[in-house]
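For reference, the structure discussed in these notes is given below.
The values are calculated or read from the model by the stated rules, or taken from the named source; none is laboratory data. Here the structure is a predicted model, which means the values were calculated and not measured. Using ideal geometry, Cβ is built from the backbone for each residue, glycine included, and neighbour counts are taken over all protein chains shown. These area figures cover heavy atoms from the full protein model, side chains too; ligands, DNA and RNA do not enter into them. Shrake-Rupley method; radii C 1.70, N 1.55, O 1.52, S 1.80 Å.
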2 protein chains.
Amino acid sequence: MMCTLVRMSDLKRTRRHDPGRRDRLIDAALEVIAERGVAGTTHREIARAADVPLGSMTYHFASLDEVLAEAFTRHASAAADVFDERLGAATDRDTAIEAVIQLIRDDLIGSPKDLVMAVELYVAAARNPALRAVTQAWMQRSRDALERHFDPTTAREVDALIEGLVLHSVLSTDPMTPEQIRHAVERYLR
Amino acid sequence: MMCTLVRMSDLKRTRRHDPGRRDRLIDAALEVIAERGVAGTTHREIARAADVPLGSMTYHFASLDEVLAEAFTRHASAAADVFDERLGAATDRDTAIEAVIQLIRDDLIGSPKDLVMAVELYVAAARNPALRAVTQAWMQRSRDALERHFDPTTAREVDALIEGLVLHSVLSTDPMTPEQIRHAVERYLR
DNA sequence: ACATCATGTGTACTCATGTACACAAGAGCG
DNA sequence: CGCTCTTGTGTACATGAGTACACATGATGT
């Protein structure tokens, strides 16, 4: 009997009228950015990641910049959600401090891919006003979340401290231990 | 009488045997990176900035990566020198704190171009081990400078705090005022 | 003064990219 | 069942990139 070999490129044929494809393309773009960086993110690369023909890219997006903007917006929004959840669960100052420590340890240092995304965004934002707005909205949400538990000045400073700690920890040869993170945050907040 | 118009392209002809050209190319590369980002840094762009023929690039450097590596190395070294100078002048803990505040205010937030360079480096380092080493050497020198006045743990934390403050200040819509910087550093160090 | 050789330059080749656009295909309706 | 219009695809084109390499040019030793 014949073994029914089905090639991807044949399957692709049958996938006309695919609502939500735009969404999947944005997710694919995020994958590519995380893996290859903005510099390595091309129409073709995204299309390949989403298993979609090249023409689909120009059909759904006016330009590559538009794809990047949407991708970063989505990522920033997801990251801010995590921030919100962690801090939203806290009821008093002490648990808020614990939440910050856990956030840094588990969500930020724990997944360096997110830091890569953040830094890629910062660089892209340096030359693209639309992305600058995304960055600022993201930072604003972090600060708002922190302001639920700390005064505005403290919130701003802690936000910056978190960023610096994560950045240096991930870039360094010896990452910070959970104890060191706790030490730094508590020293600042207590 | 004839006005002696001299075109640049004619002048270039006479500039054979130019020792130190390699150095100037690296500086030109730094300019281009700061202005157009790593993404916009090409052989042709650097050659134009240095007013040098394209062929000169491949003559002096084996690849574009080599140019980037040398450029970032030079920048990191210069930045670390500033760090060293500022902190080397301090004699006691209090003046060291003042030095840190001045460093942030005048040298870091004061010239956002340097921050752009740093972030560009971080991104580039994410995919290039040679640049990762440059980053780490740079961070090490900052920490060493700080350790002349503070214990290692504090040095590391302050180093991270500085990075975070500068990053957030420059990216934010409202930059931190000198007073806010002073407040954040003193809160942490006193 | 001339030959030789390291140094420096112009140009051309190949390749990947963004984008446009002519075409295919299927959904929805009469 | 066919007609039409939105939705989706394949391909081709212009552009700018890195790099190679044949050639020019000036320094240097005799």
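Across all directions of projection, what mean area in square nanometres is found for the Cα convex hull of chain B? Don't jump to the answer; show the numbers that get you there.
Working: hull surface 59.5 nm².
The directionally averaged projection comes out at 14.9 nm².
Rounded, prolate or oblate: which fits the protein assembly as shown, taking a ≥ b ≥ c as square roots of the Cα gyration tensor eigenvalues, rounded meaning a/c under 1.5, else prolate when a/b beats b/c? Intermediate results must be reported in sequence, preceding the final value.
Values: a/c = 2.05, a/b = 1.04, b/c = 1.96.
The shape class here is oblate.
Note on chain A: with a GNM built from Cα contacts shorter than 10 Å, the maximum mean-square fluctuation among A:Ser56, A:Ser172, A:Ser111 falls on A:Ser172. The rotation axis taking chain B to chain A passes closest to this chain B residue's Cβ, listed with the gap in Å: B:Gly164, 1. Result for chain B in a Gaussian network model with C-alpha springs under 10 Å: among B:Thr154, B:Thr73, B:Thr91, the largest mean-square fluctuation is at B:Thr91. Residue by residue, region A:69-81 carries 3J(HN,Hα) couplings of 4, 5, 5, 5, 4, 4, 4, 4, 5, 5, 4, 5, 4 Hz when phi is fed to the Karplus relation 6.51 cos²θ - 1.76 cosθ + 1.60 (θ = phi - 60°); x denotes Gly or Pro. Give, as a single signed number, the net charge of other residues whose beta carbon lies under 12 Å from the beta carbon of B:Arg22, with Lys and Arg counted +1 and Asp and Glu -1. Net of charged neighbours comes to -2.
Short-range pairs are left out: with C-alpha atoms under 8 Å and at least six residues apart, the relative contact order of region A:69-190 is 33 percent. To put it simply, the accessible area of chain B at a 1.4 Å probe is 54 percent carbon and sulfur.
Helix B:129-147 and the longest principal axis of the C-alpha atoms of chain B enclose an angle of approximately 40°.
Computed 3J(HN,Hα) for region B:164-170, one whole-Hz value per residue from the Karplus formula 6.51 cos²θ - 1.76 cosθ + 1.60 where θ = phi - 60°, is x, 4, 5, 4, 5, 5, 6, glycine and proline marked x.
Simple spin-label estimate for B:Asp107 and A:Thr153 gives 2.7 nm between the two label positions (7 Å along the Cα-to-Cβ direction from each Cα). Once B and A are treated as a pair rather than alone, how much accessible area drops out, both sides summed, in Å² to 100, probe 1.4 Å? Heavy-atom accessible area buried at this interface is about 3400 Å². Once the Cβ-Cβ distance of B:His183 and A:Arg187 is raised to the sixth power relative to R0 = 22 Å, the FRET efficiency obtained is 0.90.
Measuring from centroid to centroid over Cα atoms, what is the spacing of region A:27-41 and region B:80-135 in Å? After rounding, the separation between the Cα centres reads 29 Å. Take each residue of peptide A:181-188, count the partner chain Cβ atoms within 10 Å of its Cβ, and average: the result is 3. Highest GNM mean-square fluctuation among A:Ala71, A:Ala160, A:Ala47, for chain A modelled with Cα contacts below 10 Å: A:Ala160. Modelled spin labels at A:Ala62 and A:His17, positioned 7 Å past Cα toward Cβ, are 2.9 nm from each other. Were the residues from A:Asp94 through A:Thr42 laid out at 0.36 nm apart, the gain over their Cα-Cα distance would be 14.1 nm. The reciprocal of the average 1/r between distinct C-alpha atoms defines the Kirkwood hydrodynamic radius, which for region A:129-172 equals 11.2 Å.
Count charges around B:Leu115 for me, please; just the other residues with Cβ under 11 Å from its Cβ, Lys/Arg as +1, Asp/Glu as -1. Don't skip to the end; give the middle numbers.
Numbers: positive: B:Lys113; negative: B:Asp107, B:Asp114, B:Glu120, B:Glu163.
Residues close to B:Leu115 contribute a combined charge of -3.
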